[in-house]
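The values are calculated or read from the model by the stated rules, or taken from the named source; none is laboratory data. These figures come from a predicted structure and were not determined experimentally. Cβ placement follows ideal geometry from the backbone for every residue including glycine, while neighbour counts extend to all protein chains displayed.
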Amino acid sequence: MKTLMVTSGKGGVGKSTIAVNVAVEMALSGYNVGLIDVDIHGPTDHIILGVEPEIMTDGTHFIPMEIGGLKFMTIASGVGEDKAVIWRGPLKAKLIDQFIKDTEWGDLDYMVMDFPPGSGDEPLEVLSVYNNKIDGAIVVTTPQKVALGDVEKVINFLKKMNVPIIGIWENMSYYVCKYCGKKHFLFGHGTDDLAQKTGVDITARIPLIEEIGQDTGISKLFLTRSEGELRIEFGKYVDEVMKKLG
Ligand SMILES: Nc1ncnc2c1ncn2[C@@H]1O[C@H](COP(=O)(O)OP(=O)(O)OP(=O)(O)O)[C@@H](O)[C@H]1O
Ligand SMILES: [Mg+2]
């Protein structure tokens, strides 16, 4: 099984949207895929998947939810969307540990993990559970200058922890005007500087998509549900990820 982290130094850049769509795309390609929402304080993957979160257990193990070939674990059902839960460090670590080790995942080809921003307890705990061996990370950013400093820090963290970086995925790269058909780079081109500075390639550019932004139904799975050019391009991005994971 190959393990993939989807991370960023910055919040709100599209980590969860990308992690879920990548996992769904892998499952649609016929692979056995697990998805863990490691964002314990602010889980959102269930919203993107359009499912009611539920943690099941057979008494000794957790049973992941199954959505069209994708196996999925989240703490969301135990939290409640409007409730804040105080997770002390050790409790959070134990939960992450259980999600990975005490869950009936079966035989997986890929484990995709969606992280909260930064290099805090969550990635450290996941690294420790996997004996510091993670097969790859996608680093998500948006092109604004304000995002890039924090993203650079997370890249340095991954390098230090010897996590192979598959590439920087630039989200909200541009917007294709529905009237004139032109690409507008609303947030500039800052990611190019980040790539140059860190020596990590930008391997995907995902535009701003009205449907994803608009919180309606399962539109957040737009990248894997739509038709047309972007759908094909997204498939290629994910193929490349699987190749790089080995
Ligand atoms: N390409 C896109 N086009 C339009 N809206 C997007 C795009 N990507 C993400 N969004 C929207 O931006 C918001 C943040 O996305 P998301 O929750 O995936 O980010 P995140 O990095 O996981 O955030 P957090 O740090 O809070 O976990 C969501 O409302 C999402 O629907
Ligand atoms: Mg998120």
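Results, tabulated for the structure shown:
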item: Count - residues of the stretch 7-44 that are assigned to a helix (DSSP H, G or I), within 21 Å of Glu66 (Cβ to Cβ) and touching a Pro at 6+ places or on another chain (Cβ under 9 Å); result: 1
item: Test: Lys15 is within 16 Å of ligand 2 (Cβ to nearest atom), surrounded by 16 or more Cβ atoms within 10 Å (Cβ to Cβ) and not acidic (Asp, Glu); result: yes
item: Leading residue by the ranking (farthest from the chain's Cα centre (by Cα)) among those in the stretch 95-112 that are within 22 Å of Val241 (Cα to Cα) and of a type in the set (D, E, K, R); result: Asp107
item: Considering residues of the stretch 205-221 that are modelled with pLDDT of 85 or more and more than 16 Å from ligand 2 (Cβ to nearest atom) only, the residue surrounded by the fewest Cβ atoms within 10 Å (Cβ to Cβ); result: Glu210
item: Within the stretch 101-125, considering residues that are hydrophobic (A, V, I, L, M, F, W, C) and buried (at least 23 other Cβ atoms within 10 Å of the Cβ), the one farthest from ligand 1 (Cβ to nearest atom); result: Met111
item: Members of the stretch 230-245 that are under 14 Å from Tyr31 (Cα atoms) and either surrounded by fewer than 14 Cβ atoms within 10 Å (Cβ to Cβ) or in contact with an Asp or Glu (Cβ under 6 Å, 6 or more places away or on another chain) (or both); result: Val238, Asp239, Lys243, Leu245
item: Inter-residue pairs, beta-carbon under 8 Å, first over 10 Å from Met73 (Cα atoms) and in the stretch 41-63, second away from ligand 1 (no atom under 16 Å from the Cβ) and charged (D, E, K, R), 6+ apart; result: Asp58/Glu104; Thr60/Asp102; His61/Asp102; His61/Glu104
